[in-house]
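Okay, structure first, notes after.
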Amino acid sequence: MSYAGDLTPQEAWAKLEQGAILVDVRTEGEWAHIGIPDTASANDKHNDPLFIQWTFPGGIPNAAFIADLRQQAPADDGTELVFICRSGQRSVAAAIAATQAGFTSYNVLEGFEGEPDRYGDRTVNGWKNSGLPTNPGSR
């Protein structure tokens, strides 16, 4: 594996309680219309999530992703980063890239919304469906 590992949403929350920072790599539209993780109660540091798009609408890669990450993430202090997207796919790629850039990086399995059910609704699993804290569409 080319990053630190995969975490269930509950394991990701435990990492945040230990001081890790969540990095949401979904698009601005997803943040605005679907909601965002609320990590304020995870630990004493009140580490807010970082919001850095891995891709832009239409699947266009964010060429400045690592530069944006370096600008927003704590530098060289050993803080672990936990990456999340809608379903756990883009966040794998982001975790790999961040690891190659020198960060300790994890991926949240199932993502924010989780897998679709047989009707295509994302109600099966994921951060949001696990009952972890969220805020409505905003950022």
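Any read-out appearing in this document is the output of simple, stated calculations on the displayed coordinates, not a laboratory observation. Predicted, not measured: the structure shown is a model, and the values here were computed from it. Note: ideal-geometry Cβ built from the backbone for every residue, glycine included; neighbour counts use all protein chains shown.
Restricted to the stretch 1-75, the set of helices (runs of 4 or more DSSP H) holding at least 1 residues that are in contact with a strand residue (DSSP E or B) (Cβ under 9 Å, 6 or more places away or on another chain) and more than 20 Å from Gln89 (Cα to Cα) comprises 9-17, 65-72.
The set of residues in the stretch 89-137 that are at positive phi and either surrounded by fewer than 24 Cβ atoms within 10 Å (Cβ to Cβ) or in contact (Cβ under 8 Å) with a residue 40 or more places away in the chain (or both) comprises Gly102, Glu110, Gly114, Gly120, Gly126, Gly131.
Hey, among Gly114, Gly88, Gly102, Gly120, which residue is part of a loop (DSSP other than H, G, I, E, B), more than 18 Å from Pro49 (Cα to Cα) and under 15 Å from the mean Cα position of the chain (by Cα)? Break it down into steps so the answer makes sense when it comes.
Details: Gly88 fails: more than 18 Å from Pro49 (Cα to Cα); Gly102 fails: under 15 Å from the mean Cα position of the chain (by Cα); Gly120 fails: under 15 Å from the mean Cα position of the chain (by Cα).
Unique residue meeting the criteria: Gly114.
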